[in-house]
Amino acid sequence: MREVCTEIEIKGSPKRVWKTLTSFYNYPMWNPFMRVTGELKRGARIEISILQPGKKSIIFNPKLTRIEPNQELRWVDRPRIPLIFESERIITIEHIDSRTVRLVQRQRYKGALSLISRKLAEGMKLLMEAMNIAVKAHVERG
């Protein structure tokens, strides 16, 4: 298994960070490279589009596996061929003090292709870091 992890401290409440992450229809307001549609419900499939300037968007449909308001959001993407590749995103909001939280994103890869996907992991880390910065700017801007 391969794992990519990023984190950032944000001046804001867990509730505000959670609302930013789970109000999918508002992503275009703060996230310049990602769109999310679907219902925030455990077991539901959402659609995530990664926008690439000058290229076709990358679209995938992970299944929401855990929704703990103001704490944790998880989804899993499994392609049609089992054991080849699976990815799981784990987003946690950690309370630091009354005005600060830590947003942690983990992307875990399993399966045969995960062992050779170094370039994929590096690209994902850059996207996750950019998302962290965008969430922070949106929450702190108010």
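Brief remarks follow.
- The lone criterion from (1) closer than 20 Å to GLU39 by Cβ; (2) at pLDDT 95 or above; (3) of a type in the set (Lys, Arg) left unmet by ARG106 is number (1).
- Pairs, first more than 13 Å from LYS136 (Cα to Cα) in segment 7-32, second outside any helix (DSSP H, G or I) and of a type in the set (Gly, Ala, Ser), C-beta under 7 Å, six or more apart: PHE24/GLY38
- For ILE46, the test of being touching a residue at least 60 places away in the same chain (Cβ under 8 Å), surrounded by 14 or more Cβ atoms within 10 Å (Cβ to Cβ) and more than 20 Å from LYS110 (Cα to Cα) is failed.
- Residue match in segment 61-83 (condition: assigned to a loop (DSSP other than H, G, I, E, B), closer than 17 Å to GLU140 by Cα and in contact with a Pro (Cβ under 6 Å, 6 or more places away or on another chain)): yes
- Subset of segment 3-31 that is closer than 12 Å to VAL135 by Cβ and in a loop (DSSP other than H, G, I, E, B) - its residue that is modelled with the lowest pLDDT: ASN31
- Meets criteria (surrounded by fewer than 17 Cβ atoms within 10 Å (Cβ to Cβ), closer than 19 Å to VAL135 by Cβ and within 12 Å of the chain's Cα centre (by Cα)) for ARG99: no
- Residue check for ARG141: under 23 Å from GLU9 (Cβ atoms), among the basic types (Lys, Arg) and free of Cβ contacts under 8 Å to residues at least 12 places away in the same chain: yes
The values are calculated or read from the model by the stated rules, or taken from the named source; none is laboratory data. Everything numeric here is computed off the predicted structure, so don't read it as measured data. With ideal geometry, Cβ positions are generated from the backbone for all residues, glycine too; neighbour counts draw on all protein chains shown.
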